[in-house]
Amino acid sequence: MNLVYKKGALSILEMILLMLFIVVALGNYFNIDFKTEYQGSQTESTVNQARTGLIGFWDNHLKTPVLYLWRSFIDNMQRIHDAQPTDFDLAAPSVPTIPYTPH
């Protein structure tokens, strides 16, 4: 798999922002009021269902592991700042050293 970033290529975030900009620009050009369109019963219901689903997915599946990883990251950054061993250093296996004695 070639993961080389090509010069001049757009990232996914840039593409999403560009699409959003184009939608807003076309909406202004054609005098579309997005607030009025959103307040339609079907659109508002769909957006509220998606919002409720995403919040539930965050609360039930993502919140605990993401917060664990974030707190672990912050804890390790503090340990690095304090010149203490990180979790990775503490979890690494130790290798016994045998003194070298020449014959």
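Here are the numbers:
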read-out	value
S11 out of contact with any strand residue (DSSP E or B) (no Cβ under 9 Å at 6 or more places or on another chain), surrounded by 10 or more Cβ atoms within 10 Å (Cβ to Cβ) and small (G, A, S)	no
In the range 52-103, the residues that are among the polar types (S, T, N, Q) and part of a helix (DSSP H, G or I)	T52, N60, T64, S72, N76, Q78
Selected residue (criterion: modelled with the highest pLDDT) from residues of the range 44-68 that are surrounded by 11 or more Cβ atoms within 10 Å (Cβ to Cβ) and closer than 22 Å to F34 by Cβ	L54
Any pair with Cβ under 6 angstrom, 6 or more apart, that starts in the range 84-103 at a residue that is within 20 Å of Y68 (Cα to Cα) and ends at one that is modelled with pLDDT of 85 or more	T86/N76; T86/R79; D87/N76
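The values are calculated or read from the model by the stated rules, or taken from the named source; none is laboratory data. Keep in mind the model is a prediction, meaning the values are calculated, not measured. Reconstructed Cβ throughout: ideal geometry from the backbone, glycine too, with neighbour counts over all protein chains shown.
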